[in-house]
Amino acid sequence: MSVVQSIRTAAVAAIKSLYDQTVVETDISINTTKPEFEGEYTIVVFSFTKFSRQKPEETGQRIGEYLTTHYPELVTRFNVVKGFLNLSINDAFWTQFLKTSFHDVNIGQQPANGKKIMVEYSSPNTNKPLHLGHLRNNFLGYAIAEIMKANGFEVIKANLVNDRGIHICKSMLAWQLFAHGDTPATTGIKGDHLVGDYYVKFESVVKEQAEPIIDRVLESNFTDFEGAEVEKLEKLVTALHKPEVKEDKEKTGKIMDDIKEMSRNKTEIMQQAKIMLQQWEAGNPEVRELWATMNGWVYEGFDQTYKRLGIDFDKIYYESNTYLLGKDLVTKGLEKGVLFKKEDNSIWIDLTADGLDQKLLLRGDGTSVYMTQDLGTAVLKYDDYHMDQSIHVVADEQNYHFKVLQLILEKMGEPAAPGVLHLSYGMVELPHGRMKSREGTVVDADDMIVEMVQAAEEQTKESGKNLDTFSEDELHELYDIVGMGGLKFFLLRVDPKKKMIFDPKESIDLHGFTATFIQYAHARIKSIIREVGEVADLATFQYTGELLPLEKELIKLNEQFPAVLAEAYRELSPSVIANYIFSVAQSFNSFYAEKVDGVYTYAVTRAATEEKKKLRLQIIKLTANTIAQGMKLLGIRVPERM
């Protein structure tokens, strides 16, 4: 039982005995004691005064006296500050925990709880390689899955590959028009990169073809458009010339974006791409063959990148296999009257009564939209696994989409609906601004990996550490551990809901809030353990003396790991683990470095007594295991030496 749980149990007994009141343990608020006061944990007693009929100070005093009298093995001293009861925990509690836990390499792991969760992450498009934004997605999804496993859930890691749709046809068409038969084999270009190059080529041609159309629109020449399009453009152009709009850059930009998008859709190459999409959905053999070939190139590239990132999946879904299920669901919804059809044969759902809008589910030409295939995928996943929850790791740009997805599933009576959960995260930007796929300004994931490992190598060599004891292979392994660790930790240390700016140099700063700092602390511990060597009876040893402040602090921090793990699950935030493990590494460094009169206070190898040596060896072994386990949950390796 954890120290907090033990305090809660004891406090419940105290309140029952003193005031004949039954409270549940969750009603008892416990915090770590503030540094300026004596004690390790604090009970907030204000809520108990309603039945104690005493002042908070008197209530705290009586409870403190009860705890020290009836639970001396847990609480040795107490002090009351207003309505806060500060407790000093018996050293024997900490040393007993240390004895039973220091060798546990799976510290924090909870027993199976019988619940099943799917975590869907990555979800790449097969028209481009993985980029920096995908890295945050992949690392976040992987870490959440591992955190869920450690909390006792059965977890299915899933990847939904966006392998069909207009964006895929753009790359295919550009390859047809401009590649002259080039392949990854003939060019030496990684498959996902080659396909991505033609997506960028398509967009450059669209931009070129759209420019004269935009010019005509701005001159109020709408000959490229018809019907409702003309009416909409007339309103946009009229608005563009209003004085109040001209002075508002944001409004002007929004109107121009609308004009540009409508003009893009009228370009010759965009019309060809739309025809190709219709041919694909109709099963055209030539189009399907090209699609399968180019997607095959991309999958080979993705597999290489995933392996390099240390990312894995239990199940991969492909939208090409789920969009028809979505179409079937739309048909059923139409028959039930949940959906409706417009004059152009497009199918919609009206969510205005729910405070939303009307949502397109199937185009008039019969082709699917993202929502169509997401509906089909949601039903398929539930039929496959009947999981209690399906977590979608997707950027916050899709907040509205997932709100609508769950609402549609509810209205259609699908059992998958209650378990849909969108883990929304902020976008990743670079110091120079946002990345744009259409313009080819994204930071490629493969390039970022290379850059991070090179930066780790440069920093390691500049640090002045003696690397002569490492073989060439060991050095390359070390650079990889440090570089990849820096990349992952930097992207996971920030709360997922927040946007972030990624700085490669900052991410591997040996003295910063980085994986490198933590990895170095772990390597230092391992070095001490190797120096000490085998110690007899360590597994059965329990220290019986008084603990020094930093000995107690480091044990206390390690004891909190299961609670931190539970918090990371509740918050769906690996940043909780990242911040905690960093604090453990900081505490160890303070423990390691403290000196009095030139003598290391907490020395292990040169401890004053054999008992202190064993105690501190247990403490640092526990700390190493906590660091290793916490970093493992984040998908980060820790080295044995640096």
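The values are calculated or read from the model by the stated rules, or taken from the named source; none is laboratory data. Being a predicted model, the structure only gives us computed values, none of them experimental. In this analysis, Cβ positions are derived from the backbone assuming ideal geometry, glycine residues included, and neighbour counts consider all displayed protein chains.
Here G283 qualifies as loosely packed, with under 13 Cβ neighbours inside 10 Å, on the phi > 0 side of the Ramachandran plot, out of contact with any His (no Cβ under 8 Å at 6 or more places or on another chain) and not acidic (D, E). Within the stretch 135-188, if we keep just the residues that are among the acidic types (D, E) and either within 25 Å of S368 (Cα to Cα) or buried (at least 16 other Cβ atoms within 10 Å of the Cβ) (or both), the residue that is farthest from the chain's Cα centre (by Cα) turns out to be D163. Annotation: of all residues in the stretch 317-346 being of a type in the set (A, V, I, L, M, F, W, C) and crowded, with 21+ Cβ neighbours inside 10 Å, the one that is nearest to E120 (Cα to Cα) is L329.
For the stretch 59-114, filtering for residues that are in a helix (DSSP H, G or I), under 24 Å from L550 (Cβ atoms) and of a type in the set (A, V, I, L, M) leaves 2. If you go through the stretch 1-58 and pick out every residue that is of a type in the set (A, V, I, L, M, F, W, C) and assigned to a helix (DSSP H, G or I), you end up with 13. For the stretch 587-611, taking the residues that are touching a residue at least 60 places away in the same chain (Cβ under 8 Å) and in a helix (DSSP H, G or I), the one that is farthest from the chain's Cα centre (by Cα) is identified as E611.
Residues in the stretch 212-231 that are within 20 Å of M270 (Cα to Cα), touching a residue at least 12 places away in the same chain (Cβ under 8 Å) and not hydrophobic (A, V, I, L, M, F, W, C) were compared, and the one that is surrounded by the most Cβ atoms within 10 Å (Cβ to Cβ) is D224. Applying the set (1) on the phi < 0 side of the Ramachandran plot; (2) surrounded by fewer than 17 Cβ atoms within 10 Å (Cβ to Cβ); (3) modelled with pLDDT under 95; (4) more than 19 Å from the chain's Cα centre (by Cα) to P415 leaves exactly one unmet item: (3).
Among the residues examined, F51 does not qualify as of a type in the set (F, W, Y), crowded, with 20+ Cβ neighbours inside 10 Å and either under 40 Å from the mean Cα position of the chain (by Cα) or closer than 19 Å to K16 by Cβ (or both). When L547 is tested against (1) part of a helix (DSSP H, G or I); (2) at pLDDT 95 or above; (3) among the aliphatic types (A, V, I, L, M), only condition (1) is not met. Contact annotation: residue pairs with Cβ atoms under 6 Å, 6 or more positions apart or on different chains, pairing a residue in the stretch 38-57 that is closer than 14 Å to V12 by Cβ with a partner that is in a strand (DSSP E or B) and not β-branched (V, I, T), are I43/L85; V45/L85.
Within the stretch 323-361, work out how many residues are in contact with a strand residue (DSSP E or B) (Cβ under 8 Å, 6 or more places away or on another chain) and not in a loop (DSSP other than H, G, I, E, B). Number of matching residues: 17.
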